Amino acid sequence: MKKAVISLFSLLMVLAVGVNTTSCKNEKAPAAKTTQAKPKAGASKDLPNYRYVDSDTLLEKYNLAKDYQEEMLRLQNNLDNTARQQQSSIEALAAQYQKKQQNNGYTSEAEMQRDMQNLSQRQTAAQNQLGKMQNDLQTQIAAAQRTVQDSIVNYIKEYNAAHGYDAIFMKAATLYIDPALDITDEVLKGLNERYNKVKK
């Protein structure tokens, strides 16, 4: 179940092929339009006017994503523990009724039917509770995905307003892209600085 939570959470970064930044370029000051990001040290050629970020790294190291991941795992563990407790309780009750039957403890068929009905109701109640917890967890995972995705996309748009790139791509959407175009560390630093400031 934990793997399912992690894989679901990682799906949030399947965004578009790139973050379209045309609107950001149109809104920034004229001076920013001509601003070109400096090539990374060691780059021996002029770089094209686009960059990329590694979404896996962002999800692994962005503090907002990490906090949500921890919270989702806590909720998943709570669900797993509740499921084990319910199963153990129902199995104990079933064993109690079986022992009663084996020891001729039932004085009538109606009494045995009442116990069987009680066991069935307990099973149904447990299934309903676990189903609700599972649905709540999925809802919270989806909300966390949207929050992290919106946070990253909004920050990248702000970041690009100061750099004037034609496009910023997700690395996962490319077959190959020059490592000199990687701005993941810069974006991650800005994301965490902004999140840590809000969190305080």
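Roughly speaking, what is the centre-to-centre gap between region 125-174 and region 62-124 when only Cα atoms are used, to the nearest Å? What the calculation gives is 34 Å, centre to centre. Treating r as the C-beta distance of V198 and K66 and R0 as 22 Å, the FRET efficiency rounds to 0.90.
Step through the table entries K66/K199; K66/K132; K132/K199; K61/K199, compare each Cα-Cα distance with 23 Å, and write down the pairs that go over it. Where the Cα-Cα span goes over 23 Å, the pairs concerned are K66/K132; K132/K199. For region 76-200, a crude dipole built from +1 on the beta carbon of Lys and Arg and -1 on the beta carbon of Asp and Glu, taken about the Cα centre, is about 480 debye to the nearest 20.
Every number in this text was worked out from the coordinates using simple rules, so none of it is lab data. Note that the structure is predicted; figures quoted are calculated from it, not measured. No Cβ is skipped: glycine too gets one built from the backbone with ideal geometry, and neighbour counts run over all protein chains shown.
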